[in-house]
Amino acid sequence: MRTSQGIEVADIFRLHGPEYRRFHPMPLNHLRAMHAIEVCRTATLGGHRYEYSCGHVDISYNSCRNRHCPKCQTLNKEKWIESRCEDLLPIQYFHIVFTIPSELNPLVIMNQKVMYNILFRSVSETLLELSNNPRHLGARTGFIGILHTWGQNLMDHPHIHCVVPGGGLSSDRSRWVSCRKGFFIPVRVMSSLFRGKFLEYLKSSFESGDLIFPGGMRHLKEPHVFEMFRGQFYHRKWVVYCKPPFDGAEGVLKYLGRYTHRIAISNNRILKVQDGNVSFRWRDYADGDKQKTMTLKADEFIRRFLLHVLPHRYVRIRHFGLLANRSRKENIALCRELIGSCKTVTNEKEKPEAWQDQLLRICGIDITTCPICKKGTILRVELLLPFRCNGPPDNC
């Protein structure tokens, strides 16, 4: 039995991954993710040997840097957040979540890239179009969209979190237009337009042959059957949730720190691995947000985890409108000038940090001082070469 003391997703993959791969056909991106997580921070990837003046010797193995690895997100997250600090304005920000009906989930799993693109496009066009409408904001805004594909129970639950400023530039770019305090755009209006756009793009993808229908979805290949399937969703409620405004720019940063580089499950939620089962904590939002324990067979746990491995190089954090990468810097400068603020949320550091300083600030690890006696200073670093192996590439 393995208990919560140090239990990791990597341990589950090492114990039960070989058997899972033997009995389950897997796409290359799943194999890559599993292999990367299994060898992360092990001798397989090589590392460094540190020798200190007190005589202590310490070894640090390299990280896999795979974006699905629970151990490799902290530094990436902090670097990304620091680069976003310059984009924040001294205004209210809103958190809006767009979710599709669960009956579409099987189609999404079999067509991840196509369906995620439809989701992003529908969300972005909904927000930009309604913001431009004089009946609502009447200005061009911008926002960050973050794709999440899971629920707390690790099942598929694709949705997009959006961080949206409460305002935008006028059509002639001569003034800043603010929304009403505490209110952005009516949720029912966003939900209706989002539904229409998503279903229309779904129809276009079917007609262009971009969708596949394997196994139990084979019947949807027939145009009239697919149209009946698609048509039922016009009469369903599509969930769009607009949360209360963030508590200033600091609240936005706190949110980004929690959500941007999150993966399906963190290691600290795993409780134990025993008799081929995995137990982990989860929060049941349908039952008063109660925290519960779920136990799954190891192969089912692995299957659910791999549901959320994204297609190769798929971008899950995107910027739209005023925050689009091509003109973000110029747009933010203009917005700040029109708002009358020359300040933004910035880091206290003016000079680029050395990686040793960054590791100390973010992770609390000071590699220049002996971790045992806290007095010895580093004298020598030796490079440890990685082992050669026949596994899949360790990054995706």
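The values are calculated or read from the model by the stated rules, or taken from the named source; none is laboratory data. As the structure is a prediction and not an experimental result, all values here were calculated from the model. Reconstructed Cβ throughout: ideal geometry from the backbone, glycine too, with neighbour counts over all protein chains shown.
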Residue selected from segment 34-53 under the condition touching a strand residue (DSSP E or B) at 6+ places or on another chain (Cβ under 7 Å) and part of a helix (DSSP H, G or I), by the criterion surrounded by the most Cβ atoms within 10 Å (Cβ to Cβ): Leu45
Candidate set from segment 42-77 (those that are touching an Asp or Glu at 6+ places or on another chain (Cβ under 9 Å) and among the polar types (S, T, N, Q)); member that is farthest from Leu360 (Cα to Cα): Thr44
Only listed residue being polar (S, T, N, Q) and free of Cβ contacts under 8 Å to residues at least 40 places away in the same chain, chosen from Asn66, Asn76, Asn133: Asn133
Candidates Asp247, Asp289 - the one that is over 18 Å from the mean Cα position of the chain (by Cα) and either of a type in the set (S, T, N, Q) or closer than 30 Å to Gly6 by Cα (or both): Asp289
Candidates Glu103, Glu19, filtered to the one that is out of contact with any Lys or Arg (no Cβ under 9 Å at 6 or more places or on another chain), among the acidic types (Asp, Glu) and loosely packed, with under 15 Cβ neighbours inside 10 Å: Glu19
Residues being within 26 Å of the chain's Cα centre (by Cα) and farther than 21 Å from Ser102 by Cβ - total across segment 194-240: 1
Total residues in segment 172-222, condition part of a strand (DSSP E or B) and aliphatic (A, V, I, L, M): 1
Subset of segment 287-330 (residues that are surrounded by fewer than 16 Cβ atoms within 10 Å (Cβ to Cβ), of a type in the set (Val, Ile, Thr) and within 24 Å of Tyr116 (Cα to Cα)): Val315, Ile317
Cross-chain or 6+ apart pairs with Cβ under 8 Å, segment 274-300 first and in contact (Cβ under 8 Å) with a residue 40 or more places away in the chain and β-branched (Val, Ile, Thr), then surrounded by 16 or more Cβ atoms within 10 Å (Cβ to Cβ) and not in a strand (DSSP E or B): Val278/Ile12; Val278/Ala298; Val278/Phe301
Selection count, segment 331-378, where residues are at pLDDT 80 or above and exposed (fewer than 15 other Cβ atoms within 10 Å of the Cβ): 10
Enumeration of residues in segment 61-96 that are surrounded by fewer than 18 Cβ atoms within 10 Å (Cβ to Cβ), closer than 19 Å to Cys162 by Cβ and among the hydroxyl-bearing types (Ser, Thr, Tyr): Ser83
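Yes or no, residue by residue, for (1) basic (Lys, Arg); (2) out of contact with any His (no Cβ under 9 Å at 6 or more places or on another chain); (3) more than 30 Å from Glu337 (Cβ to Cβ):
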site	(1), (2), (3)
Leu89	no, yes, no
Phe94	no, yes, no
Pro106	no, yes, yes
Arg121	yes, yes, yes
Ile146	no, no, no
Residue within segment 299-315 that is closer than 30 Å to His24 by Cβ, assigned to a loop (DSSP other than H, G, I, E, B), at pLDDT 85 or above and among the basic types (Lys, Arg) present: yes
Helices (runs of 4 or more DSSP H) contained entirely in segment 67-167, each with at least 3 residues that are of a type outside the set (Phe, Trp, Tyr) and under 30 Å from Leu211 (Cα atoms): 105-110, 112-132
Contacts under 8 angstrom Cβ, first residue in segment 195-223 being on the phi < 0 side of the Ramachandran plot, partner among the basic types (Lys, Arg) and buried (at least 16 other Cβ atoms within 10 Å of the Cβ), 6 or more apart: Leu199/Arg230; Leu202/Arg230; Lys203/Arg230; Phe206/Arg230
Filtered residues of segment 106-124 (kept if within 17 Å of Leu322 (Cα to Cα), touching a helix residue (DSSP H, G or I) at 6+ places or on another chain (Cβ under 9 Å) and surrounded by 20 or more Cβ atoms within 10 Å (Cβ to Cβ)): Val123
So Val252, is it part of a strand (DSSP E or B) and surrounded by 12 or more Cβ atoms within 10 Å (Cβ to Cβ): no
Residue match in segment 4-15 (condition: β-branched (Val, Ile, Thr) and closer than 30 Å to Val240 by Cα): no
Hits in segment 1-16 - residues which are surrounded by fewer than 19 Cβ atoms within 10 Å (Cβ to Cβ) and at pLDDT below 95: Met1, Arg2, Thr3, Ser4, Gln5, Gly6
Odd one out for Tyr20 among (1) farther than 29 Å from Leu256 by Cα; (2) aromatic (Phe, Trp, Tyr); (3) modelled with pLDDT under 95; (4) out of contact with any Cys (no Cβ under 7 Å at 6 or more places or on another chain): (3)
Lys203 vs. criteria loosely packed, with under 12 Cβ neighbours inside 10 Å and either at pLDDT 95 or above or not acidic (Asp, Glu) (or both): no
